[in-house]
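A.B. asks: Could you have a look at this structure, given as structure tokens, before my questions?
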Amino acid sequence: MRLAGLARQALIAEAELTPKPGLVDRRGAGAHTDLSLSIMKCSALAIEPYFYEMAFICEGAHPSQALRERLAVIGRDAERAMLQATSGSNSHKGAIWILGLLVSAAALHIDDEVNALEIGATAKVIASLEDRATPRLVSHGDIVAKRFGVAGARGEALRGFPHVADIGLPMLRSKRASGATEHVARLDTLLSIISRLDDTCLLYRGGKTALVAAKEGALAVERAGGSGTPIGRQQLFCLDRRLLELGVSPGGSADLLAATLFLDVVELGQNEVQPDRSGSENQDGAD
């Protein structure tokens, strides 16, 4: 199924994008102690078959309680496969939820020409249905969302993924239209999400201090003209150093970048997420 392959490609493209602040990339593990780029790739490959299952059962169907619960079973299977592939590391739990919903929603519209907003709206309907078969486990994101009064991954889905449809996609496409390289366009898209998202990964590991540092640092890059400018690049590395000092990474923002890359190619009717071509040797913003 094309959609499952695109989801896997989006996850790998996000992981390989370099340099990202505090996140796993071609340079190393970022602020993580149990992840690496090879682990992230193995994880994406391990969960791709479950995205395929989600798309398969959704094709030609309609959102329903029964469908929601079948998707939940597949999602839990995907998490187990992820943990087995990573020797217990949580590489893509949030991405399984986010991309699982978007893959499923896109499959429900498989015969239609739909845009990202419509796919997000359908994902919202699916997310709004409770999984009655198994009591919902409380995740780190749930704990943080309650403690700090933020939306979290579930709240993002229940709002139709606004950080993808209203922030990520417009930034990605405006940067391309302005002549930026794909590498710079993706980095600036990530930064635009970081600067606006109440990222529960940051809040869980570093509280409000980490969230404020990430948001302000990402905004500093934007105000300097983006990651493709010399000053913007310097600000990006300052942000990276600060997040490493705090021992935190904006994992929720990274998941939403992957979702942005996925919906971009789905909406454009393309058959491949362009592979990332950045590298640790590339420090000037050029591909």
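A.B. asks: If R0 is 41 Å, what FRET efficiency do you get for Glu245 and His109 from their C-beta distance, rounded to 0.05?
C.D. replies: Efficiency computed from Cβ-Cβ geometry: 0.40.
A.B. asks: Let me ask something else about it. For Ser178 and Phe56, what is the calculated FRET efficiency with R₀ set at 30 Å and r taken between the beta-carbons, to the nearest 0.05?
C.D. replies: Working from the Cβ atoms, E equals 0.15.
A.B. asks: Here is a follow-up. Between the range 11-64 and the range 204-235, how many Å separate their Cα centres?
C.D. replies: Here the answer is 23 Å between Cα centres.
A.B. asks: Let me ask something else. Using a probe of 1.4 angstrom, how much of the accessible area of the range 207-251 is carbon and sulfur, in percent?
C.D. replies: 55 percent
A.B. asks: Treating the beta-carbon of each Lys and Arg as +1 and of each Asp and Glu as -1, no other charges, what is the dipole magnitude of the range 1-121 about its Cα centre, to the nearest 20 debye?
C.D. replies: Charge dipole of the range 1-121: 480 debye, to the nearest 20.
A.B. asks: Next question, about the same structure. Got a sec? What order do Ile143, Ile57 fall in by accessible area at 1.4 Å, biggest, i.e. largest, first?
C.D. replies: Sorted descending by solvent-accessible area, the residues read Ile143, Ile57.
A.B. asks: Roughly speaking, to the nearest percent, how much of the range 1-160's 1.4 Å accessible area is carbon and sulfur?
C.D. replies: Taking all protein chains in place, the range 1-160 shows 54 percent carbon and sulfur surface.
A.B. asks: Now for a separate question. Assuming 0.36 nm per residue, please report the length gained on full extension of the stretch Thr209 to Thr33 beyond their Cα-Cα distance.
C.D. replies: 61.3 nm
A.B. asks: While we're here: Determine the relative contact order of the range 3-111: mean sequence separation of Cα pairs under 8 Å and six or more apart, normalised by residue count, in whole percent. Mind showing how you got there, number by number?
C.D. replies: Values: 142 pairs, mean separation 33.1, N = 109.
This gives 30 percent for the range 3-111.
A.B. asks: Further question: Tell me the angle of helix 251-268 to the major Cα principal axis of the chain, expressed in degrees between 0 and 90 and rounded to the nearest ten.
C.D. replies: 70 degrees
A.B. asks: For the chain, what relative contact order do you get, as a whole percent, if you take Cα pairs closer than 8 Å and at least 6 residues apart?
C.D. replies: It rounds to 26 percent for the chain.
A.B. asks: Relative to the Cα centre, what is the charge dipole magnitude of the chain, using +1 at the beta carbon of each Lys and Arg, -1 at the beta carbon of each Asp and Glu, and rounding to the nearest 20 debye?
C.D. replies: Once rounded to the nearest 20, the dipole reads 820 debye.
A.B. asks: Then there is this: Assuming a strict under-27 Å limit between Cα atoms, what lysine pair count do you get for the chain once near-sequence pairs (fewer than 8 apart, same chain) are dropped?
C.D. replies: Close lysine pairs under the 27 Å cut-off: 16.
A.B. asks: Which is the longest stretch in the chain that no exposed loop site breaks, taking sites as trypsin sites (Lys or Arg not before Pro) with a DSSP loop state and at most 16 other Cβ atoms within 10 Å?
C.D. replies: Within the chain, the longest run free of exposed trypsin sites (Lys or Arg not before Pro) spans 160-276.
A.B. asks: Just to confirm the number: angle between the C-alpha axis of helix 93-108 and the first principal axis of the chain, 0 to 90 degrees, nearest 10?
C.D. replies: Relative to the chain, helix 93-108 is tipped by roughly 60 degrees.
A.B. asks: What whole-number value in Å² describes the accessible area per residue of the chain for a 1.4 Å probe?
C.D. replies: 43 Å²
A.B. asks: Between helix 116-128 and the chain, what is the angle of the helix's C-alpha long axis to the longest principal axis, kept within 0 to 90° and rounded to the nearest 10?
C.D. replies: Helix 116-128 sits at roughly 60 degrees to that axis.
The values are calculated or read from the model by the stated rules, or taken from the named source; none is laboratory data. Worth saying up front: this structure is predicted, and the values here are computed from it rather than measured. Note that each Cβ is placed from the backbone with ideal geometry, even for glycine, and that neighbours are counted across all protein chains shown. Keep in mind that these areas ignore ligands, DNA and RNA; they rest on the heavy atoms of the full protein, side chains included. Shrake-Rupley method; radii C 1.70, N 1.55, O 1.52, S 1.80 Å.
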